[in-house]
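The next block holds one structure in the form of structure tokens; read it before the comments.
The values are calculated or read from the model by the stated rules, or taken from the named source; none is laboratory data. Since the structure is predicted, the reported quantities are computational estimates derived from the model, not experimental observations. No Cβ is skipped: glycine too gets one built from the backbone with ideal geometry, and neighbour counts run over all protein chains shown. Please note that ligands, DNA and RNA were not included when accessible areas were found on the heavy atoms of the full protein model with its side chains. Shrake-Rupley method; radii C 1.70, N 1.55, O 1.52, S 1.80 Å.
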Amino acid sequence: MKVFYPVTIKLLSALHINGGTDVNGNRVIIKSGGQAYIPATLLKGMIRENFTKIWNSLYGDEDLKCNGTDSAESSCSCISCRMFGKAGFQRSRVYVDNCISNQNLSYQLRSNVSIDRYTRKSLDTALVFTEVVDRYAKAKDKTENTIFKGGLAVYYPVEMSTLHHCRIEAVLVESIKMISYIGLGKSRGLGFVETSVEIPEGEFLCEKS
């Protein structure tokens, strides 16, 4: 059974997802076709981490926990590995899209000085520029927050009960909503977001049942 969950990410601060450096040594944001986006791999890793924490805290006594020591050739029966897959031949049942924006994004260069981790003093000739996506799509007006949209398709195991499907959905939705920070530069006020999950086509599984 497949269910697609639309996801919306609203920027609450400027955003930087590292895409390397340009010819001038500036740290640039990851882009595709000249437009910034939030990679699916980054989101999936965050969702899985949140999902595992919530599931283990709620249902850890009922279901097996992943010990992380199984070989790539063997499958794992914990819920996290069954849904998100594992290295080797155990495929994922959760497919995440890149989150993109249909707005005309505004970009800025933020400057900061590198600090020597040993002396805790600024380094000479170490002025660094970081490209960021502005919090507002129209930076001058500051009225329209930058919005990224994507989603994830979830294939629920048919051998599981309706109760298990509802539990997985509830934990998965909360795992997505828990994402409040993306990318690099948290200590400099970058990457704070508000993440929401829209009603899937039809309705949530718990409402159906």
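For the reader, a short list of remarks on this structure follows.
- Residue ID - nearest to the chain's Cα centre (by Cα), chosen from residues in the range 34-52 that are modelled with pLDDT of 90 or more and farther than 18 Å from residue 85 by Cβ: 38
- Any hit, the range 97-112, residues being modelled with pLDDT of 95 or more, under 19 Å from residue 154 (Cβ atoms), outside any strand (DSSP E or B) and open to solvent by 30 Å² or more (accessible area, probe 1.4 Å): yes
- When residue 130 is tested against (1) assigned to a helix (DSSP H, G or I); (2) open to solvent by less than 20 Å² (accessible area, probe 1.4 Å), only condition (1) is not met.
- Cross-chain or 6+ apart pairs with Cβ under 7 Å, the range 27-49 first and more than 18 Å from residue 146 (Cα to Cα), then in a helix (DSSP H, G or I) and not small (Gly, Ala, Ser): 47/176; 48/84
- Which listed residue is open to solvent by less than 80 Å² (accessible area, probe 1.4 Å), touching a Ser or Thr at 6+ places or on another chain (Cβ under 7 Å), hydroxyl-bearing (Ser, Thr, Tyr) and at pLDDT below 95, from 161, 80: 80
- Whichever residue in the range 164-192 is of a type in the set (A, V, I, L, M), open to solvent by less than 10 Å² (accessible area, probe 1.4 Å) and not in a helix (DSSP H, G or I) and, among such residues, is modelled with the lowest pLDDT: 190
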